[in-house]
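The values are calculated or read from the model by the stated rules, or taken from the named source; none is laboratory data. Computed from a predicted model, the values in this text were never measured in an experiment. Note that each Cβ is placed from the backbone with ideal geometry, even for glycine, and that neighbours are counted across all protein chains shown. To get the accessible areas, we keep the full protein, side chains included, count just its heavy atoms, and leave off ligands, DNA and RNA. Shrake-Rupley method; radii C 1.70, N 1.55, O 1.52, S 1.80 Å.
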Amino acid sequence: MGKPPVVIIGAGIIGLAHAITAREHGHDVVVLERDGRALGASVRNFGTLWPIGCASGAEREQALFGVRRWAQLATDAGFWFSPQGSLSLAYRDEAWAVLQEFTSSVGDCELLDASAVHHRFPAARPDGLQGAVYSPAEAVVHPPSTLAALADYARSLGIVLHFGTPVVKVHDEAVETSDGRCIAFDRLVIAAGEEMRLLFPEALAAAGVQRCRLQMMRTVPQPAGFALGAVFVSDLTLCHYPAFATCPSTPRLRARLAGELPDHTDWGIHVIAAQHDDHTLTLGDSHEYGLDFDPDSHSGVEQLILDALDEFVTVPDLRVASRWHGVYLKSTRGETQVVLHPRARVTMVTAMGGLGMTLSWGLAARTVESWRS
Ligand SMILES: Cc1cc2nc3c(=O)[nH]c(=O)nc-3n(C[C@H](O)[C@H](O)[C@H](O)COP(=O)(O)OP(=O)(O)OC[C@H]3O[C@@H](n4cnc5c(N)ncnc54)[C@H](O)[C@@H]3O)c2cc1C
């Protein structure tokens with residue numbers, strides 16, 4: 001009898017990145033996914049691949065590696081991939097100071113004054129604009145169609161995918177599915193997203209991980225001729241990502257925004273506008289932390305997101321075509337990825353917060369590489 005396969009729980013981006021990477025390294029791979037298709041955070045996000053949000057050093061390198069992988073896979077697996085870059089706009093003195101500090105430490109970004117922004121990105125709102133940073137490193141994919149294409153591509157590589165197959169228990173050398181089957185593994189990767197807590201709750205609790213719910217929306221397709229030309233963010237976002245946390249002016253910006261926009265601060269709102277190939281804009285998001293959340297979508301939160309959007313972009317048609325929530329796990333200790341080994345040969349990968357699409361390929365490479373030693 002041959003060696004048992006690498007078994008992966010979850011066909012979200014973390015599971016598929018591990019499956020494809022393991023297969024490329026010669027492993028037999030079986031993916032077990034609870035639902036009929038990926039329906040978790042991996043299909044509920046903006047689809048932005050976001051090195052600009054990552055702390056400089058190893059994490060930024062991991063993100064840049066991820067974007068290169070995404071670009072190659074777009075060709076191999078056949079999905080839309082738009083290397084459009086990002087535009088971080090500053091409307092407050094403190095935000096402009098943060099961007100200037102940021103660009104002095106990250107080489108491949110362009111600092112633009114307000115008139116250059118107006119010339120290159122006419123959708124950016126000019127009133128009160130101090131300037132912006134254009135970064136070419138960011139890209140956009142369309143999450144639902146991308147995840148479906150990656151699953152097909154995984155199959156074409158010889159990976160076995162079982163959808164509609166929840167794993168209910170992990171034994172020492174096998175997993176048990178809800179229909180009573182036991183599937184032996186050589187290595188097990190648990191990439192179960194926010195449901196991780198159901199399999200090894202103690203390990204997860206000890207790692208300091210919390211749930212976060214985010215409110216999102218998508219507009220109707222914008223009229224022909226309208227293009228953002230990059231993913232747009234502004235002042236609120238500069239307080240959100242690790243990349244800007246070390247800029248000396250970030251605490252001043254945070255304090256000003258907390259005073260001016262207390263409701264946005266309470267709901268953890270920062271706004272990203274990402275345009276997809278169908279000309280819609282994906283807009284969000286808010287951040288609620290806790291164990292349990294109300295089932296309701298809050299129209300007040302949606303309005304706060306739209307109000308913040310209005311500060312930095314002029315959108316021709318702001319009718320909202322769909323709304324949804326996403327949930328992810330996030331470290332309470334400021335880590336952007338949590339890797340646990342609750343048992344021998346078992347790896348749990350979680351808590352990638354709002355950067356899982358960006359960091360997944362680099363993390364998968366690291367996991368599979370670690371099996372060689
Ligand atoms: C609103 C929102 C916006 C975001 N924006 C971005 C962004 O722009 N850029 C970025 O890089 N990241 C972004 N993220 C983060 C990113 O989406 C996540 O970090 C990433 O998708 C997590 O992937 P995952 O595979 O761990 O989880 P999931 O996609 O949730 O996948 C987990 C899978 O495991 C399955 N599963 C669970 N339990 C079991 C079980 N017992 N048996 C079998 N299967 C099981 C689930 O059905 C699910 O399909 C965003 C997240 C959200 C929610």
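Of everything in region 74-115, what is assigned to a helix (DSSP H, G or I), outside the structural domain of Q130 (by TED's automatic domain parsing) and within 21 Å of G53 (Cβ to Cβ)? Give them in sequence order.
So in region 74-115, the residues assigned to a helix (DSSP H, G or I) come out as 74-78, 93-105, 114-115.
Imposing the further condition that a residue be outside the structural domain of Q130 (by TED's automatic domain parsing) reduces the set to 74-78.
If the condition is that a residue be assigned to a helix (DSSP H, G or I), outside the structural domain of Q130 (by TED's automatic domain parsing) and within 21 Å of G53 (Cβ to Cβ), then A74 is the only one that fits.
What do you reckon, is V346 open to solvent by 30 Å² or more (accessible area, probe 1.4 Å), more than 10 Å from the ligand (Cβ to nearest atom), among the hydrophobic types (A, V, I, L, M, F, W, C) and touching a residue at least 24 places away in the same chain (Cβ under 8 Å)? Spelling it out, it is not the case that V346 is open to solvent by 30 Å² or more (accessible area, probe 1.4 Å), more than 10 Å from the ligand (Cβ to nearest atom), among the hydrophobic types (A, V, I, L, M, F, W, C) and touching a residue at least 24 places away in the same chain (Cβ under 8 Å).
Residues of region 298-349 that are under 16 Å from T367 (Cβ atoms), of a type in the set (A, V, I, L, M, F, W, C) and part of a strand (DSSP E or B): V338, V339, L340, V346, M348, V349. One residue is enough: does region 76-86 have a residue meeting the conditions within 19 Å of L238 (Cα to Cα), buried (at least 17 other Cβ atoms within 10 Å of the Cβ) and within 16 Å of the ligand (Cβ to nearest atom)? Yes, there is a match, as at least one residue in region 76-86 is within 19 Å of L238 (Cα to Cα), buried (at least 17 other Cβ atoms within 10 Å of the Cβ) and within 16 Å of the ligand (Cβ to nearest atom).
Within region 193-225, the residues that satisfy the criterion of being at pLDDT 95 or above and assigned to a loop (DSSP other than H, G, I, E, B) are V220, P221, Q222, P223. Of everything in region 5-28 that is part of a loop (DSSP other than H, G, I, E, B) and open to solvent by 50 Å² or more (accessible area, probe 1.4 Å), the residue that is farthest from the ligand (Cβ to nearest atom) is G26. Among the residues of region 126-156, the ones that are within 14 Å of the ligand (Cβ to nearest atom), in contact with a helix residue (DSSP H, G or I) (Cβ under 7 Å, 6 or more places away or on another chain) and assigned to a loop (DSSP other than H, G, I, E, B) come to 2 in all.
Could you tell me how many of the residues in region 53-73 are small (G, A, S), in contact (Cβ under 8 Å) with a residue 12 or more places away in the chain and part of a loop (DSSP other than H, G, I, E, B)? Within region 53-73, residues that are small (G, A, S), in contact (Cβ under 8 Å) with a residue 12 or more places away in the chain and part of a loop (DSSP other than H, G, I, E, B) number 2. Looking across region 161-181, the residues that are out of contact with any helix residue (DSSP H, G or I) (no Cβ under 9 Å at 6 or more places or on another chain) and either open to solvent by less than 20 Å² (accessible area, probe 1.4 Å) or in a strand (DSSP E or B) (or both) come down to H162, T165, V167, K169, V170, A174, V175, E176, T177.
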